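Undergrad: Dropping a structure here in structure tokens format, bear with me for questions.
The values are calculated or read from the model by the stated rules, or taken from the named source; none is laboratory data. As the structure is a prediction and not an experimental result, all values here were calculated from the model. All Cβ positions, even for glycine, are placed from backbone atoms using ideal geometry, and neighbour counts span all protein chains on display. The protein model used for the area step is the full one, side chains on, heavy atoms only, and it has no ligands, DNA or RNA in it. Shrake-Rupley method; radii C 1.70, N 1.55, O 1.52, S 1.80 Å.
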Amino acid sequence: MNLRRVAAVASKEWREVTRDRMFLLLAFVMPAIWMFVFGYGLVLDVEHISFVVVDRDHSALSRDYLYRFYQSRYFDFQEALEGEGDADVWLQSGRARAVIIVPEKFQERLLSGQPAEVQTLIDGTFPLRADITKSYVIAINNAFNHELLVDFLARTRGLSRSEAQRRTSPLGIEVRYLYNEEVRSTWSTVPALIMFSLMVGSPLLTALGVVREKETGSIYNIYSATVTRLEFLVGKLIPYVMISAVNVAVLWLMAVLLFAVPFKGSLWLFIASSVLFVLTSTGIGLVVSLLVSTQQAALIITVVVSTVPTILFSGLIVPVSSLSRASQFQAHLFPGMYYTNITRGTFLQNVGLAVLWTDILALAIYAVVLGTIGYHLFTKRPRT
Amino acid sequence: MKPADRLVVWCRRLTVMTRKELVQLLRDIPLMAFLIYSFTLSVYVTGNGIQTQLRNAGLLVYDADRSLSSRELVSRFHLPYFRFDGELIHADEGFRRLDRGRSMMVLDIPARFHEALVSGEPTAVQLLVDTTNAPQGLSAAGYAARIVGQFGQESILARNGLTASSSAPVPMIVSDHRVWFNQDQNETWFESISHLLRMITIFAVLLPAAALVREKERGTVEQLLVSPLTPVQIMLPKVVAMTLMILGATAVALFGVMQPIFGVPIRGSLALLFSLTALFIVATAGIGVFASTVTKNQAQVGMMTLLVVAPILLLSGIFTPMETMPAWVQYLMALSPLRYFIEIATGILLKGVGFDMLWSQALAMGVVGASLFGFGLWRFRRQFQ
């Protein structure tokens, strides 16, 4: 490999990039904008679930019970309905996600020591939301049940309230959150967003690299020049790897300074694995660019290949462990997941090479495989 | 020329140009192969694979009591939510195991746990949760709290000589949940629908954007402009051709994968679904048309559209519920046609509702789409004057 020829290709590519002011601007601004928007916007606490109630009992106790829903920040009260018939319309139109129906004789039954059945209708179109809604309802019911039981024991057994309370002391649970002690969702999303911004943005930088020259015909200059395949590909990649490396630094600074995410691990480990990751993400774009013959195809394929697995299978929101077997397999085929482990590990957990070596190795293998594929796909003697 | 003749000529030109665009698209073999992959295999894998509810959270147990009660409590943490990863010999082993990242939580049961439960002394179990993934950690802690709470409640009842059975009734609220529209909480339904919408969005923005910029980059747009075609007749056929293409792919996804394999119900009107899908595609294409007028080459338009598409995909309520978004995101996303279309698509497919329930969403989507499209058209015209 002749380094001077590599430098020549790289400087030609660099000039092409810097001449296109808008492209250059977007290449640097895009990851930062994403970090900003998603860092503040991708919050994952489900709140304000809109609901309507049907109170058939109209008693003091039913009002007391429903009041707990009105007060909760997880629920947004919409309207009190007369009958169940209207409930359909509210759920179907999507204006309410839940309907709470308090039966007749709710107070009478509970005060006489009988159980009462409260029905909750939940909009199941989005299973995650349905699941969370259900667990909020159960939590409110459990708290209410505990108070009912205290009252009941005090009344029926002739105990004082404090004695009844003591007898019903609930089994406690002390939860300690590790690594992200205050459970801020920004702390866990922001390190993963470094992965997201690079994984979605970087392939596009190189996606048009070769196919553009094919479409405009300038590739024939390369075919007839003395530059070898390897020199050409390395030279093509260098400017974009540099841009992405600068972006890693900017994103890291944003995470630490703007979002105040603690960086507990080794900076060198982070830098080394980031360089590997940038190589693989830009390499994906280059390989796509070699495979297709139009820029339109290169654009769309790169966007789909980089965006979809990154959103779904890289541990950004949905943890890899809760995927199905087939999807876990697919997750392991994309580099995003490994780099998510590394960013979360170095930011929040202070784990070192001893734990992360498999992820780093996977990225290294990825880079080598992409390089080999690229090398074999690119030929200076095209058949047509 | 009579107005009627003019209309005929106008339509004929549109048809000819649309055919040209379709031929051009069909000729791009890698692109077509990828279109088919995106609407079939990709929908299948995603629909099958994504589970947003808690699954398989690795649980380690340190049981200092080794009693009937402690074993009973541990046995309540079971699949599909929790995966038992083994018992620890020493309490401090938990941190090291969590560091390695294979397990997610450690349940620590204190000595004399059983005695305390029977005698009614206050006692508590300890839970260590890995919250590097905060929502997942919180969700696991929530499930655990529910299990422990239920267990505690039962032991209170037992201690006070009460049981939940009818022989000795206890005043308590029995929760009866009915999940509507998807009784079994089948996640493949929602995930495959949301993936389909994700794919429609990507293709609807990028295809026309790239096609329009290509003409500009190569200079072929100058040739079209000196022909009798108006700018509208140049732009509209591209959008029409791509809308037809994407509608076809949507039909393949719906009738080839989602309905036969996942059993996604089609409870509402198919005609309504496809006409509103067409409206959605055109509305979303407006973003691409606009992007194509502010950029000069394909590299720029790719970056520009991706800058906008990524937030649309993540924040429109197809990935996480709209209820999770901060207020400013909800306002911002009022501009995203996808935000309305998710309600429309799930409404027609799962809820089986008609236009009378969906008109407000359709209207909002139409208004956003018409503004985006109108703005794009205005810019497109202007740049050639």
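Undergrad: Assuming R0 = 22 Å, what is the FRET efficiency of B:R76 and A:Q114, from their Cβ-Cβ distance, to the nearest 0.05?
TA: 0.25
Undergrad: Could you list which residues have their amide H under 5 Å from that of A:R176, counting only those 5 or more apart in sequence or on another chain, with H placed in the peptide plane?
TA: B:L127, B:L128, B:V129
Undergrad: What's the FRET efficiency of A:L3 with A:A364 using the Cβ-Cβ distance as r and R₀ = 30 Å, to the nearest 0.05?
TA: 0.85
Undergrad: Taking θ = phi - 60°, what integer Hz values does the Karplus form 6.51 cos²θ - 1.76 cosθ + 1.60 yield along the stretch A:233-249, in sequence order, with x for Gly and Pro?
TA: With coefficients 6.51, -1.76 and 1.60, one gets 5, 5, x, 4, 6, 3, x, 6, 4, 5, 4, 5, 5, 4, 4, 4, 4 Hz.
Undergrad: Looking at the stretch A:49-167, send over the antiparallel percent of its DSSP beta bridges, to the nearest 5.
TA: Among the beta bridges of the stretch A:49-167, antiparallel pairing accounts for roughly 25 percent.
Undergrad: I want to verify a result. In a Gaussian network model of chain B, Cα cutoff 10 Å, which of these has the top mean-square fluctuation: B:I246, B:I29, B:I287?
TA: B:I29
Undergrad: Rounded to the nearest 20 Debye, what is the dipole magnitude of chain B about its Cα centre when Lys and Arg each give +1 and Asp and Glu each give -1 at the C-beta?
TA: 2080 debye
Undergrad: Same structure again: Roll a 1.4 Å probe over the protein heavy atoms and report the accessible area of A:H58 in Å², nearest 10.
TA: My reading of the accessible area for A:H58 is about 130 Å².
Undergrad: Near the amide H of A:V54, under 5 Å away, which other amide H atoms are found, from residues 5 or more places off or on another chain, if H is placed in the peptide plane?
TA: A:L81, A:I100, A:I101, A:V102
Undergrad: With contacts defined as alpha carbon pairs under 8 Å and 6 or more residues apart, what's the relative contact order of chain B in percent?
TA: 18 percent
Undergrad: With +1 on the Cβ of every Lys and Arg and -1 on the Cβ of every Asp and Glu, and nothing else charged, how large is the dipole of the stretch B:57-159 about its Cα centre, in debye rounded to the nearest 20?
TA: Roughly 260 debye, rounded to the nearest 20.
Undergrad: Kindly sort B:E343, A:E104 by accessible area of their heavy atoms, largest first, with the probe set to 1.4 Å.
TA: Largest accessible area first, the residues go A:E104, B:E343.
Undergrad: Please give the charge dipole size of the protein assembly as shown, origin at the Cα centre, charges +1 on K and R Cβ atoms and -1 on D and E Cβ atoms. Round to the nearest 20 debye.
TA: 3240 debye
Undergrad: Quick check for chain A: number of Lys pairs with alpha-carbon distance under 24 Å, counting only pairs 8 or more apart or on different chains?
TA: 7
Undergrad: Which far-off residues, 5 or more places away or on another chain, put their amide H under 5 Å from the one on A:D76, with H placed in the peptide plane?
TA: A:I49, A:S50, A:F51
Undergrad: How much solvent-accessible surface does B:D184 expose, in Å² to the nearest 10, with a 1.4 Å probe and all protein chains in place?
TA: About 130 Å², ignoring ligands and nucleic acids.
Undergrad: Name the residue from B:P171, B:L98, B:A283 whose Cα lies farthest towards the positive end of the charge dipole of chain B, charges +1 on Cβ of Lys and Arg and -1 on Cβ of Asp and Glu.
TA: Projecting each Cα onto the dipole axis, the largest value belongs to B:A283.
Undergrad: Once phi is turned into θ = phi - 60°, what whole-Hz ³J(HN,Hα) does the Karplus curve with 6.51, -1.76 and 1.60 give for every residue of the stretch A:254-260, x standing for Gly and Pro?
TA: 4, 4, 7, 8, 7, 9, 6
Undergrad: Also: Given 0.36 nm per residue, what is the gain on full extension from A:T226 to A:V246 after removing their alpha carbon distance, in nm?
TA: Taking 0.36 nm per residue and subtracting the Cα distance, the gain is 4.1 nm.
Undergrad: Determine the relative contact order of the stretch A:82-154: mean sequence separation of Cα pairs under 8 Å and six or more apart, normalised by residue count, in whole percent.
TA: Taking the mean separation of contacting Cα pairs over the length of the stretch A:82-154, I get 24 percent.
Undergrad: Suppose each label sits 7 Å from its Cα in the direction of the beta carbon; what would the A:K105-B:V16 distance come out to in nanometres?
TA: Each label point lies 7 Å from its Cα, and together they span 8.0 nm.
Undergrad: Shifting gears a bit: Residue by residue, what Karplus-based ³J(HN,Hα) values in Hz, rounded to whole numbers, does the stretch A:107-114 have, using 6.51, -1.76 and 1.60 with θ = phi - 60° and x for Gly and Pro?
TA: Result, rounded to whole Hz: 5, 4, 5, 5, 5, 8, x, 9.
Undergrad: Say each of A:V355 and A:L159 gets a label point 7 Å from the Cα, pointing the same way as Cα to Cβ; how far apart are those two points in nm?
TA: Going by the 7 Å Cα→Cβ label model, 4.4 nm.
Undergrad: Let me ask something else. Straight-line reach from B:K238: which aspartates and glutamates have a Cα under 14 Å away, not including same-chain ones fewer than 8 places off?
TA: Reachable aspartates and glutamates: B:E21, B:E215.
Undergrad: Per 20 Å bin, what is the whole-percent P(r) computed from every C-alpha pair distance within the protein assembly as shown?
TA: With 20 Å bins starting at 0, P(r) equals 15, 43, 30, 10, 2, 0.
Undergrad: Given the Cα-Cα distance of A:D76 and A:V29 and 0.36 nm per residue of separation, how much length would full extension add, in nm?
TA: 13.2 nm
Undergrad: How much length, in nm to one decimal, is gained on full extension between A:S324 and A:R166, taken as 0.36 nm per residue of separation minus their Cα-Cα distance?
TA: Gain in length upon complete extension: 52.3 nm.
Undergrad: A further question follows. With r defined as the distance between the Cβ atoms of B:A327 and B:S275 and R0 fixed at 35 Å, what FRET efficiency is calculated, to the nearest 0.05?
TA: 0.60
Undergrad: Go ahead and set up a Gaussian network model of chain A, Cα springs under 10 Å, then flag whichever of A:G85, A:G285, A:G374 fluctuates most.
TA: Ranking A:G85, A:G285, A:G374 by mean-square fluctuation puts A:G85 first.
Undergrad: If we count trypsin sites (Lys or Arg not before Pro) as exposed when they sit in a DSSP loop and have at most 11 other beta carbons within 10 Å, what is the longest stretch of chain A that avoids them all?
TA: A:74-382
Undergrad: Further, regarding this structure: In nm, to one decimal, how far is the A:S218 label point from the A:E147 one, both placed 7 Å along Cα→Cβ?
TA: Result for the modelled spin labels: 7.3 nm.
Undergrad: Can you tell me which of B:T284, B:T250, B:T132 moves the most in a GNM of chain B? Springs connect C-alpha atoms under 10 Å apart.
TA: B:T132
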